[in-house]
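Report on the structure given below.
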Ligand code: NAD
Ligand code: IPM
Ligand code: MN
């Protein structure tokens, strides 16, 4: 038996409801695969901030730096400004643990209807590779003259050659060897790179398995950072002649994500662009409650953090109706990262099986199931296909 030590941060709102769902699945699949989980739970949250004046203790990061992984629900609560909850917990973990890749896979499941006409199960299957420690999310900036006529706010974006290069390289390597989380082995390319036939948009669904990268940019305007991003993307993609790649302006890319989601394979994006694209992509796949995320430290010198894409959803918190798919799928990503790809595949297949049966689903997906009954259905399906 392998024991994995997990730092658990349920956080706020529905974070506290979906984390137990993910743990139940982890424990069940762990038993089947000889993996034991040891959880250290931390109450770091807005509730802690209101009681003790800080989201986490001063030595918080030291307390979790030796864990095998961090599993987080969500943070954010009414009454605590988001800049407090985020800069006090989430962002420091991502940055100081050098989790510079935020990996956000998207797929349309059989049985879960996409609001997008033509978004078909099995065809829409891509991943957003979001830069996670720099870019538009910087501390540099400020507000002045609050309440006066000359009031202003300034925000600096920070793009470094090293930071963009490592992110883009991760995306390119992923596109070369991409397998789906539902598969235990890397999938071989269904077509040689040369066999690609461009559609009118410059892409087709077949490119998805052919090694295809899309860079999200905005270099047609007066933004200084994005031409720099584009130069690095061009340099790095030149080192991968077998890959096809495009760059798309973020505005047009957003439209194409809705109009033709099947054409995408790996999308590399800056921090803010990747944030927006990942909620949009989640909606294309059926809803933001289903999307998973891995904040990866590829060098593995600090733990990676696993958290669903969605937030604490104060509007539905406490009612037991949060969709646990995002958190459960996130747990599968953690299993994969920890070296248990078969267990990871079993979890993702269990989610797929429950959805394909078209019976149990939470209210955000048009059903009446609670978080617990949905989770039970996933537990029942683990190992059945
Ligand atoms: P949100 O993701 O919390 O909610 C957006 C909408 O989606 C809401 O209507 C919500 O009910 C719904 N939703 C989200 N997840 C769902 C699920 N699992 N099941 C069913 N419905 C779901 O985003 P928001 O409203 O922008 O932010 C709310 C708070 O969460 C803010 O404080 C924000 O800063 C924080 N937040 C935290 C994280 C994080 O910790 N990683 C991520 C995003 C937002
Ligand atoms: C996410 C969230 C965070 C982000 C917020 C809460 C800071 O939206 O994880 O996608 O923008 O990174
Ligand atoms: Mn987001």
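The values are calculated or read from the model by the stated rules, or taken from the named source; none is laboratory data. Computed from a prediction, not measured in an experiment: that's the story for all the values here. Positions of Cβ are backbone-derived with ideal geometry, glycine not excepted, and every protein chain shown enters the neighbour counts.
Out of the stretch 252-277, which residues are out of contact with any helix residue (DSSP H, G or I) (no Cβ under 9 Å at 6 or more places or on another chain), within 16 Å of ligand 3 (Cβ to nearest atom) and closer than 24 Å to residue 364 by Cβ?
274, 275 - these are the residues of the stretch 252-277 that are out of contact with any helix residue (DSSP H, G or I) (no Cβ under 9 Å at 6 or more places or on another chain), within 16 Å of ligand 3 (Cβ to nearest atom) and closer than 24 Å to residue 364 by Cβ.
For the stretch 1-18, give me each residue that is buried (at least 22 other Cβ atoms within 10 Å of the Cβ) and closer than 18 Å to residue 343 by Cα.
6
When you go through 111, 15, 38 one by one, which is the residue that is in contact with a strand residue (DSSP E or B) (Cβ under 6 Å, 6 or more places away or on another chain) and in contact (Cβ under 8 Å) with a residue 60 or more places away in the chain?
Just one listed residue meets the conditions, 15.
Give me the strands (runs of 3 or more DSSP E) completely within the stretch 1-107, filtered to those with at least 2 residues that are closer than 21 Å to residue 304 by Cα and within 14 Å of ligand 2 (Cβ to nearest atom), ordered by residue number.
Values: elements: 2-11, 35-41, 69-74, 101-107.
Once the strands (runs of 3 or more DSSP E) in the stretch 1-107 are filtered for at least 2 residues that are closer than 21 Å to residue 304 by Cα and within 14 Å of ligand 2 (Cβ to nearest atom), what remains is 2-11, 69-74, 101-107.
Quick one: residue 121 ticks every box in (1) surrounded by 14 or more Cβ atoms within 10 Å (Cβ to Cβ); (2) more than 26 Å from residue 260 (Cβ to Cβ) except a single one, so which number is it?
It fails just one condition, (2).
Check the stretch 280-291 and report whether any residue there is more than 14 Å from ligand 2 (Cβ to nearest atom), under 23 Å from residue 257 (Cβ atoms) and surrounded by fewer than 24 Cβ atoms within 10 Å (Cβ to Cβ).
Scanning the stretch 280-291, I find at least one residue that is more than 14 Å from ligand 2 (Cβ to nearest atom), under 23 Å from residue 257 (Cβ atoms) and surrounded by fewer than 24 Cβ atoms within 10 Å (Cβ to Cβ), so the answer is yes.
Given 301, 251, 246, which one is more than 16 Å from ligand 2 (Cβ to nearest atom), at pLDDT 95 or above and touching a strand residue (DSSP E or B) at 6+ places or on another chain (Cβ under 7 Å)? Talk me through it step by step, then tell me what you get.
Numbers: 301 fails: touching a strand residue (DSSP E or B) at 6+ places or on another chain (Cβ under 7 Å); 251 fails: touching a strand residue (DSSP E or B) at 6+ places or on another chain (Cβ under 7 Å).
Criteria check complete, one pass: 246.
State yes or no: is residue 143 assigned to a strand (DSSP E or B), in the same structural domain as residue 268 (by TED's automatic domain parsing) and surrounded by 11 or more Cβ atoms within 10 Å (Cβ to Cβ)?
no
Across the stretch 300-316, what is the number of residues that are surrounded by 21 or more Cβ atoms within 10 Å (Cβ to Cβ) and away from ligand 3 (no atom under 16 Å from the Cβ)?
Residues flagged as surrounded by 21 or more Cβ atoms within 10 Å (Cβ to Cβ) and away from ligand 3 (no atom under 16 Å from the Cβ) within the stretch 300-316 amount to 2.
Taking the stretch 47-59 as the search range and keeping residues that are within 16 Å of residue 93 (Cα to Cα) and touching a helix residue (DSSP H, G or I) at 6+ places or on another chain (Cβ under 8 Å), which one is surrounded by the most Cβ atoms within 10 Å (Cβ to Cβ)?
Keep residues of the stretch 47-59 that are within 16 Å of residue 93 (Cα to Cα), which gives 54-59.
Still in the running and touching a helix residue (DSSP H, G or I) at 6+ places or on another chain (Cβ under 8 Å): 54-57.
Working: 54: 14, 55: 25, 56: 22, 57: 13.
By that ranking, first place goes to 55.
Which one is farthest from residue 336 (Cα to Cα) among residues in the stretch 61-78 that are near ligand 1 (Cβ under 10 Å from one of its atoms) and out of contact with any helix residue (DSSP H, G or I) (no Cβ under 6 Å at 6 or more places or on another chain)?
Among those residues, the one meeting the criterion is 78.
Where in the stretch 227-337 are there strands (runs of 3 or more DSSP E), lying wholly inside it, with at least 1 residues that are within 13 Å of ligand 1 (Cβ to nearest atom) and either touching a residue at least 24 places away in the same chain (Cβ under 8 Å) or not assigned by TED's automatic domain parsing to the domain that holds residue 71 (or both)?
In the stretch 227-337, 294-296, 304-306 are the strands (runs of 3 or more DSSP E) which contain 1 or more residues that are within 13 Å of ligand 1 (Cβ to nearest atom) and either touching a residue at least 24 places away in the same chain (Cβ under 8 Å) or not assigned by TED's automatic domain parsing to the domain that holds residue 71 (or both).
Given the criterion within 21 Å of residue 351 (Cβ to Cβ), in contact with a strand residue (DSSP E or B) (Cβ under 6 Å, 6 or more places away or on another chain) and at pLDDT 95 or above, identify the matching residue among 289, 311, 274.
Numbers: 289 fails: in contact with a strand residue (DSSP E or B) (Cβ under 6 Å, 6 or more places away or on another chain); 274 fails: within 21 Å of residue 351 (Cβ to Cβ).
Among 289, 311, 274, only 311 is within 21 Å of residue 351 (Cβ to Cβ), in contact with a strand residue (DSSP E or B) (Cβ under 6 Å, 6 or more places away or on another chain) and at pLDDT 95 or above.
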